[in-house]
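> Below is a structure I'd like to ask you about.
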Amino acid sequence: MRFEVLTLFPEMIRDSFMTGITGRAAGRGLVELDTVNIRDYAVNDYGSVDDYTYGGGAGMLMMCEPVYSAFLEAKRRLGDEKTRVVFLTPSGRTFDEKTARELSGEKGLILLCGHYEGIDERVIDEIVTDPVSIGDYVLTGGELPALVVMDAVTRLIPGVLGNDDSSESESFNDGLLEYPQYTRPPLWHDREVPDILLSGDHKKIDQYRMRAARQKTKEVRPDLYEEYIKKRGIF
């Protein structure tokens with residue numbers, strides 16, 4: 001998987017991505033990251049990439065040409081005519097585990113980070129295939145959402161996690177939140193690890209974890225639980 005990120009702050013993307021699991025995955029050649037600084041394609045010597053909006057309104061809007069030129073450079077590097085372009089925007093579809101798994105099957109992705117009051121709609125219509133939102137709130141730019149998307153996608157690539165089964169048992173994989181987990185010591189602050197987890201009976205442990213996952217989802221995310229029982233015909 002190769003990520004190309006169109007951004008005004010390439011150092012923010014690189015510094016964050018090249019740490020932890022994603023950084024180790026890059027070091028092992030499982031993923032690649034490159035950035036294109038949109039400001040390198042500014043329309044004048046002052047580095048301008050934004051202008052006032054037609055029709056009035058507060059703030060500035062990123063212009064078409066710098067964004068489009070940065071996109072062409074990323075596309076040239078990837079060399080794939082069908083590369084998907086993920087635009088990080090509050091008005092996009094909500095990013096979830098299903099979307100992450102879908103994107104993890106791509107050979108490469110271009111991620112577009114907006115700033116100011118957004119980006120001229122014409123270039124969005126021209127190049128974007130996947131408008132994506134990480135939640136119903138507004139951030140100062142698209143860099144943090146881009147890092148969220150890349151992190152979620154990277155960990156699903158075979159070989160990235162130490163145990164490839166890890167991603168299969170985590171939250172949202174089966175429509176449920178992950179079951180509670182425990183480690184040593186077995187007693188901490190008068191709180192005990194459930195006896196069943198110390199029993200060594202893996203069949204009963206699996207059954208316990210499924211019940212715990214259902215209960216946690218029902219309490220914390222009733223919306224997910226309702227969808228889960230509908231899909232399985234559980235009443």
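> Report the antiparallel proportion of the DSSP beta bridges in segment 2-154 as a percent, rounded to a multiple of 5.
Details: 4 of 26 bridges.
Just about 15 percent of them are antiparallel.
> With the dipole of the chain worked out from charges on the C-beta (+1 for Lys and Arg, -1 for Asp and Glu) around the Cα centre, which of THR140, LEU88, LEU161 lies farthest toward the positive end?
LEU161
> Counting only residues 5 or more places away or on other chains, whose amide H sits under 5 Å from the amide H of ARG2 once H atoms are built in the peptide plane?
Correct list: GLU32, GLY108, LEU109.
> Next up: Calculate how steeply helix 64-78 sits against the longest principal axis of the alpha-carbon atoms of the chain, using the helix alpha-carbon long axis, and give the answer as 0 to 90 degrees to the nearest 10.
Long axis of 64-78 versus the principal axis of the chain: about 60 degrees.
> Each residue of segment 35-41 in turn: what ³J(HN,Hα) in whole Hz from Karplus with 6.51, -1.76, 1.60 and θ = phi - 60°, glycine and Pro shown as x?
So the Karplus estimates, Gly and Pro as x, are 10, 10, 7, 4, 5, 5, 10 Hz.
> Compute a Gaussian network model of the chain, connecting alpha carbons closer than 10 Å, and tell me which residue from GLY55, GLY135, GLY92 fluctuates the most.
GLY55
> Which of ASP45, ASP34, ASP206 ends up with the largest GNM mean-square fluctuation for the chain, with Cα atoms connected below 10 Å?
Between ASP45, ASP34, ASP206, it is ASP45 that shows the largest mean-square fluctuation.
> Hey, another quick one. Say the dipole of segment 1-105 comes from +1 at the beta carbon of Lys and Arg and -1 at that of Asp and Glu; which of SER48, ALA25, SER69 then lies farthest toward its positive end?
The residue sitting most towards the positive pole is ALA25.
> Of the listed pairs LYS204/LYS231; LYS82/LYS231; LYS107/LYS218; LYS98/LYS230; LYS75/LYS98; LYS107/LYS230, which have alpha-carbon separations greater than 29 Å here? Could the numbers behind the result be given before it?
Numbers: LYS204/LYS231 25 Å; LYS82/LYS231 33 Å; LYS107/LYS218 37 Å; LYS98/LYS230 18 Å; LYS75/LYS98 25 Å; LYS107/LYS230 34 Å.
The answer is LYS82/LYS231; LYS107/LYS218; LYS107/LYS230.
> So how tilted is helix 202-220 from the main axis of the chain? Cα-based, degrees 0 to 90, rounded to 10.
50 degrees
> Ratio of Rg to Rh for segment 4-92, alpha carbon only, Kirkwood?
Working: Rg = 15.4 Å, Rh = 14.9 Å.
With Rh from the inverse mean 1/r over Cα pairs, Rg/Rh is 1.03.
> Right, another one. Provide HIS115, HIS202, HIS189 in ascending order of the number of other Cβ atoms located within 10 Å of each residue's Cβ, fewest first. Intermediate results must be reported in sequence, preceding the final value.
Details: HIS115 21, HIS202 8, HIS189 4.
Going from least to most buried by this count: HIS189, HIS202, HIS115.
> Distances over 15 Å make up what percent of all Cα-Cα pairs in segment 169-232? Don't jump to the answer; show the numbers that get you there.
Values: 1130 of 2016 pairs.
Taking all Cα-Cα pairs of segment 169-232, the fraction more than 15 Å apart is 56 percent.
> Only four residue types carry charge here, +1 at the Cβ of Lys and Arg and -1 at the Cβ of Asp and Glu. Report the dipole size of segment 2-154 about the Cα centre in Debye, rounded to the nearest 20. Please list the in-between numbers first.
Details: 15 positive and 26 negative charges, 133 e Å.
For segment 2-154, the charge dipole is close to 640 debye.
> Give me the percent of Cα-Cα pairs in the chain that sit more than 24 Å apart, rounded to a whole number. Provide the component values of the computation, followed by the final result.
Numbers: 15153 of 27495 pairs.
Of the Cα pairs, 55 percent sit more than 24 Å apart.
> Could you please rank SER91, SER104, placing first whichever residue has the fewest other Cβ atoms within 10 Å of its Cβ? Don't jump to the answer; show the numbers that get you there.
On the way: SER91 10, SER104 18.
Sorted ascending by nearby Cβ count, the order is SER91, SER104.
> Using helices alone, I'd like the mean residue ellipticity at 222 nm for the chain: each DSSP H run of four-plus residues gives -39500 (n - 2.57), total over residue count, nearest 500.
Values: 8 runs with 88 residues, N = 235.
Here the helix-only value at 222 nm equals -11500 deg cm²/dmol.
> When a footprinting reagent is the concern and you count Cβ atoms within 10 Å, what order do GLU121, GLU73, GLU143 take, fewest first? Present the calculation step by step, with values, prior to reporting the outcome.
Values: GLU121 11, GLU73 18, GLU143 24.
Going from sparsest to densest Cβ surroundings: GLU121, GLU73, GLU143.
> For the chain, with a Gaussian network of springs between Cα atoms less than 10 Å apart, report the residue from VAL43, VAL193, VAL128 with the top mean-square fluctuation.
Top of the fluctuation ranking is VAL193.
Every number in this text was worked out from the coordinates using simple rules, so none of it is lab data. Quantities reported herein were computed from a predicted structural model and do not represent experimental measurements. Positions of Cβ are generated from backbone atoms using ideal geometry, with glycine treated the same way; all protein chains shown enter the neighbour counts.
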